[in-house]
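Some notes on the structure that comes next.
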């Protein structure tokens with residue numbers, strides 16, 4: 001197979017690029033190796049007539065030493081390096097904005113796609129725990145989001161497209177690289193300890209790209225992360241939760257935010273398709289799946305605290321009943337307001353009281369510490385300020401203004 005044919009074949013297999021240019025232009029889009037899982041890269045090298053172990057070598061250079069120049073891959077022959085340089089590239093999404101908070105939180109806005117492209121966000125949150133220094137990266141999986149949860153800034157921007165594997169894993173690559181940009185190659189080491197697929201978009205609606213990206217995160221030739229330290233968060237796409245249980249063993253988080261179907265239909269509209277009874281049953285199946293390992297001992301419940309909406313004593317009691325048969329840890333999240341948001345943040349006293357009710361009932365319940373307020377670290381906020389490419393946000397703001405006007409007129 002010719003070099004150009006190999007490149008075209010690899011593009012199709014890895015689904016990282018648009019089709020190559022017409023033959024008469026005699027140009028072929030370079031294959032981005034950044035987003036290839038090990039099986040995909042092994043096939044790529046075998047199609048080139050090379051041994052598949054080359055995949056592991058190249059993956060280490062990319063994901064462990066953060067090298068993008070093939071000439072620096074010293075354990076690969078010069079001939080192969082020249083061949084790779086002609087048909088391949090290692091390219092992370094373009095950083096168009098970055099901001100590092102005084103509390104250690106880091107945030108990036110990436111441009112994805114050609115031309116002006118689209119924007120997505122990534123946030124890194126440092127913390128200290130019993131294992132030492134922890135750096136958790138919140139990764140986006142889509143440009144915008146189609147689910148339109150009523151309290152979510154990202155949902156107000158509409159849905160544009162899924163991210164590719166290179167665009168997803170590129171966020172992890174760049175976050176690590178930010179700590180070692182000026183460090184000699186031989187001294188570089190991975191800094192990010194935890195990943196949560198909890199950024200912009202619904203990960204289970206971009207299933208294949210997210211699955212292969214998480215496989216790269218777990219791969220010892222790449223980031224070598226523990227299964228317990230890679231978490232996928234979903235709003236409740238029930239069939240895909242079952243599929244995830246078959247395909248990979250990672251931690252599961254549920255964006256719950258309401259304890260009864262009526263309220264959740266309002267806050268998380270996908271609940272109309274997959275109500276709470278189905279969602280909780282899917283979580284139970286995920287935990288009980290044969291081959292269960294440490295990553296599946298419990299499900300993390302994410303619960304944004306909205307003032308006067310879902311933070312009342314009766315909601316805490318409903319949660320106790322809802323989760324009584326589901327091994328879970330509950331994470332209460334103070335709402336991070338954004339412009340024109342129709343909700344407010346629950347008071348500190350209300351959140352603490354809610355936590356105490358759940359803790360007294362035997363649940364492990366924590367309150368997420370707010371971080372990066374000085375850099376708009378809540379997902380979707382900065383992109384919403386930089387670019388709104390749909391009319392959804394405009395329509396939504398108009399609806400809020402109309403509601404406020406009605407309230408004023410009614411006294």
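The values are calculated or read from the model by the stated rules, or taken from the named source; none is laboratory data. Bear in mind the structure is a predicted one, so any value in this text is a computation, not a measurement. Every residue, glycine among them, receives a Cβ derived from its backbone with ideal geometry; neighbour counts consider all protein chains shown.
Assess whether residue 134 counts as being closer than 23 Å to residue 192 by Cβ and surrounded by 16 or more Cβ atoms within 10 Å (Cβ to Cβ). No: the conditions fail for residue 134. With respect to the stated conditions, residue 288 fails to be more than 26 Å from the chain's Cα centre (by Cα), closer than 23 Å to residue 362 by Cα and surrounded by fewer than 15 Cβ atoms within 10 Å (Cβ to Cβ).
Against the criterion of being more than 19 Å from the chain's Cα centre (by Cα) and surrounded by fewer than 16 Cβ atoms within 10 Å (Cβ to Cβ), residue 53 qualifies.
Tell me which helices (runs of 4 or more DSSP H) are completely within segment 259-371 and hold 2 or more residues being assigned by TED's automatic domain parsing to the domain that holds residue 156 and out of contact with any helix residue (DSSP H, G or I) (no Cβ under 9 Å at 6 or more places or on another chain), or say none if there are none.
The helices (runs of 4 or more DSSP H) meeting that bar are 261-267, 313-322, 348-360.
Just one residue in the set 312, 272 is closer than 24 Å to residue 367 by Cβ and without any contact (Cβ under 8 Å) to a residue 24 or more places away in the chain; that residue is 312.
Screening the candidates 207, 223 for the property of being out of contact with any strand residue (DSSP E or B) (no Cβ under 7 Å at 6 or more places or on another chain), modelled with pLDDT of 95 or more and outside any helix (DSSP H, G or I) yields one hit, 223.
Being in a helix (DSSP H, G or I) and surrounded by fewer than 16 Cβ atoms within 10 Å (Cβ to Cβ) is a condition met by at least one residue of segment 64-76.
Report yes if residue 180 is assigned by TED's automatic domain parsing to the domain that holds residue 139 and crowded, with 19+ Cβ neighbours inside 10 Å, otherwise no.
The answer is no for residue 180.
So which of 331, 271, 260 is out of contact with any strand residue (DSSP E or B) (no Cβ under 6 Å at 6 or more places or on another chain) and within 23 Å of residue 154 (Cβ to Cβ)? The match here is 271.
Per-residue answers, yes or no, for (1) outside the structural domain of residue 171 (by TED's automatic domain parsing); (2) at pLDDT below 95; (3) not in a helix (DSSP H, G or I):
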residue	(1), (2), (3)
20	yes, yes, yes
42	yes, no, no
56	yes, no, no
62	yes, no, no
99	no, yes, yes
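State the number of residues belonging to segment 105-116 that are without any contact (Cβ under 8 Å) to a residue 40 or more places away in the chain and either under 18 Å from residue 368 (Cβ atoms) or within 19 Å of the chain's Cα centre (by Cα) (or both). The total comes to 1. No other residue among 95, 195 is outside any loop (DSSP other than H, G, I, E, B), in contact with a strand residue (DSSP E or B) (Cβ under 8 Å, 6 or more places away or on another chain) and closer than 16 Å to residue 231 by Cα apart from 195.
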